[in-house]
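Step one of this worksheet: look at the structure below.
What follows is calculated from the coordinates using simple rules that are stated; it is not laboratory data. Bear in mind the structure is a predicted one, so any value in this text is a computation, not a measurement. Positions of Cβ are backbone-derived with ideal geometry, glycine not excepted, and every protein chain shown enters the neighbour counts.
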Amino acid sequence: MSVMDKLKRMLKGHEEQAGKGVDKTGDYVDDRTRGKYSGQVDTAQERLRQQMGSEQTGRTTDPGREEPPR
């Protein structure tokens, strides 16, 4: 059994929380790199959501938070 299969089993029923974790991690990387790799981060976030079966397909942003330049 692969690592992704084990993760999927562990996250079953918690897809929304996993999606939020993916978003937070991507935001952290964007902040630390000042948005330099935001395209790659967004692609990685989307692929992780697809792999984990997360129902979140888009990024929710905090209305008071400014997005880094892309």
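Taking the alpha-carbon distance from K20 and a cut-off under 17 Å, which lysines remain once sequence neighbours fewer than 8 residues away in the same chain are dropped?
Candidates past the 8-residue exclusion: K8, K12.
Net charge near S2: determine it from the other residues with C-beta under 14 Å of the C-beta of S2, scoring Lys and Arg +1 and Asp and Glu -1.
Values: positive: K6, K8, R9; negative: D5.
Surrounding charge for S2 is +2.
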